[in-house]
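Report on the structure given below.
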Amino acid sequence: MTASNTACATRTMQIRIYGSLKESITDGPGFRYAVFTQGCPHQCDGCHNPDSHDFTSGELVDADDLLADILANPLLDGLTLSGGEPFMQAEVCAWLARNARQNGLNVIVYSGYTYEEILENAPWQPGWQALLEQADILIDGRYEKSRRSLNLRFRGSANQRAIDVHASLNSGKAVLYPL
């Protein structure tokens, strides 16, 4: 094996992020590490992270380094993957989520896609099914400025739902998670 082949064989996964919060209480229940992915196709009017829409901006980081940073805090309850759109980087997000769960953290994924859209597209979108299966809670649906509400926990507009992913996958229909 040549040196260049060795380098490719040992290269770690990377994720493009808009930013992160090492300690958040606003991105889901409990004390959380929030990762904001870079790149979003939805372009929701009134999005709270409009600078995360561009797919080429942000910072490219090694997923191993990000996971180490997440696991370094023993006080965390969970990991939140938000955006941008986490399903645009589903494979690496699924890897992060799986490792977080294996280390006792719960996982919340925010997506502009609905639960039904994710299921419908998962067969041909790499990593979508894996990311969905690693999520404990999915906050789904595009932000709708006209349906904005400050009375919703962890959601911005009334059309967005908190989905109990495992109960939903077991029942074959979306089951709401009580927030």
Index of the failed condition, ASP77 passing every other in (1) more than 15 Å from the chain's Cα centre (by Cα); (2) modelled with pLDDT under 95:
(2)
Residue count for segment 111-130, restricted to those that are loosely packed, with under 15 Cβ neighbours inside 10 Å and of a type in the set (D, E, K, R)
2
Can you pull out the residues in segment 39-53 that are among the charged types (D, E, K, R) and assigned to a helix (DSSP H, G or I)?
ASP51
Which count do you get for residues in segment 100-110 that are of a type in the set (A, V, I, L, M) and either surrounded by fewer than 19 Cβ atoms within 10 Å (Cβ to Cβ) or more than 14 Å from ASP164 (Cα to Cα) (or both)?
2
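Kindly indicate whether any position in segment 54-77 is acidic (Asp, Glu) and part of a strand (DSSP E or B).
Yes; the residues of segment 54-77 include at least one that is acidic (Asp, Glu) and part of a strand (DSSP E or B).
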Tell me the residue from PRO41, PRO50, PRO74 that is closer than 25 Å to ASN159 by Cα, free of Cβ contacts under 8 Å to residues at least 12 places away in the same chain and surrounded by fewer than 18 Cβ atoms within 10 Å (Cβ to Cβ), please.
PRO50
Restricting to segment 121-158, count the residues that are closer than 16 Å to VAL109 by Cα and either out of contact with any Phe, Trp or Tyr (no Cβ under 7 Å at 6 or more places or on another chain) or among the aromatic types (Phe, Trp, Tyr) (or both).
15
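Just one of ALA63, ALA90 is surrounded by fewer than 21 Cβ atoms within 10 Å (Cβ to Cβ), under 17 Å from the mean Cα position of the chain (by Cα) and aliphatic (A, V, I, L, M); which is it? Outline the logic, then answer.
Working: ALA90 fails: surrounded by fewer than 21 Cβ atoms within 10 Å (Cβ to Cβ).
ALA63 is the lone residue from the list that is surrounded by fewer than 21 Cβ atoms within 10 Å (Cβ to Cβ), under 17 Å from the mean Cα position of the chain (by Cα) and aliphatic (A, V, I, L, M).
Say we look at segment 131-151 and pick out the residues that are touching a strand residue (DSSP E or B) at 6+ places or on another chain (Cβ under 9 Å) and aliphatic (A, V, I, L, M); which of these is surrounded by the most Cβ atoms within 10 Å (Cβ to Cβ)?
Result: LEU131.
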Checking TYR113 against (1) in contact with an Asp or Glu (Cβ under 6 Å, 6 or more places away or on another chain); (2) under 15 Å from LEU81 (Cα atoms), the condition it does not meet:
(1)
Condition set over 17 Å from ALA94 (Cα atoms), of a type in the set (A, V, I, L, M, F, W, C) and out of contact with any strand residue (DSSP E or B) (no Cβ under 7 Å at 6 or more places or on another chain), scope segment 1-24, selection modelled with the lowest pLDDT: answer is MET1
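The values are calculated or read from the model by the stated rules, or taken from the named source; none is laboratory data. Worth saying up front: this structure is predicted, and the values here are computed from it rather than measured. Virtual Cβ from ideal backbone geometry, glycine too; neighbours counted across all protein chains shown.
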